[in-house]
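A quick write-up on the structure given underneath.
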Amino acid sequence: MSELEHLRERLREFAAERDWDRFHTPKNLAMALAAESGELLEVFQWLTEAESFALAPKAKAAAAEEIADVLLYLVRLADVLHIDLDDAARRKLALNAERYPADM
């Protein structure tokens, strides 16, 4: 079992233990994912490019938490929609390689 599959299983268990499956609809999960992405944006709001590469420890910790939230909601959304996230990512990367060849 891959790390991603293990994470998916842990999220399934976490939601089931709390009776959250009824709330974890694709719409709700997509909205939560968007909200968490917005919270990640807040970490970088008003920073210069250079500052964004050299986050202060508190900001870096905040970014790590928001990135984790985005990942968790993304994995849960893919699971609810029965999408193999690893396969979808590999296919998208291959498609992007065709669309944007390195020799351009």
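The values are calculated or read from the model by the stated rules, or taken from the named source; none is laboratory data. The model shown is predicted, which means the values in this text are computed figures rather than measured ones. Positions of Cβ are backbone-derived with ideal geometry, glycine not excepted, and every protein chain shown enters the neighbour counts. Protein only, heavy atoms only, side chains kept; ligands, DNA and RNA dropped before computing areas. Shrake-Rupley method; radii C 1.70, N 1.55, O 1.52, S 1.80 Å.
Listed by first and then second residue, the pairs with beta-carbon distance under 9 Å, at least 6 apart or on different chains, first residue in region 8-27 and basic (Lys, Arg), second assigned to a helix (DSSP H, G or I), are ARG8/VAL75; ARG8/ARG76; ARG8/ALA78; ARG8/ASP79; ARG8/LEU85; ARG12/ARG76; ARG12/ASP79. When ASP69 is tested against (1) in a helix (DSSP H, G or I); (2) more than 15 Å from the chain's Cα centre (by Cα), only condition (2) is not met. Say whether the condition of being among the aromatic types (Phe, Trp, Tyr) and either open to solvent by less than 60 Å² (accessible area, probe 1.4 Å) or over 21 Å from ARG76 (Cβ atoms) (or both) is met by at least one residue in region 14-27. No, region 14-27 contains no residue that is among the aromatic types (Phe, Trp, Tyr) and either open to solvent by less than 60 Å² (accessible area, probe 1.4 Å) or over 21 Å from ARG76 (Cβ atoms) (or both). When VAL70, VAL75 are screened for being free of Cβ contacts under 8 Å to residues at least 40 places away in the same chain, of a type in the set (Val, Ile, Thr), at negative phi and open to solvent by less than 60 Å² (accessible area, probe 1.4 Å), only VAL70 passes.
Per-residue answers, yes or no, for (1) among the β-branched types (Val, Ile, Thr); (2) loosely packed, with under 12 Cβ neighbours inside 10 Å; (3) assigned to a helix (DSSP H, G or I):
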residue	(1), (2), (3)
HIS6	no, yes, yes
SER37	no, no, yes
TRP46	no, yes, no
GLU65	no, no, yes
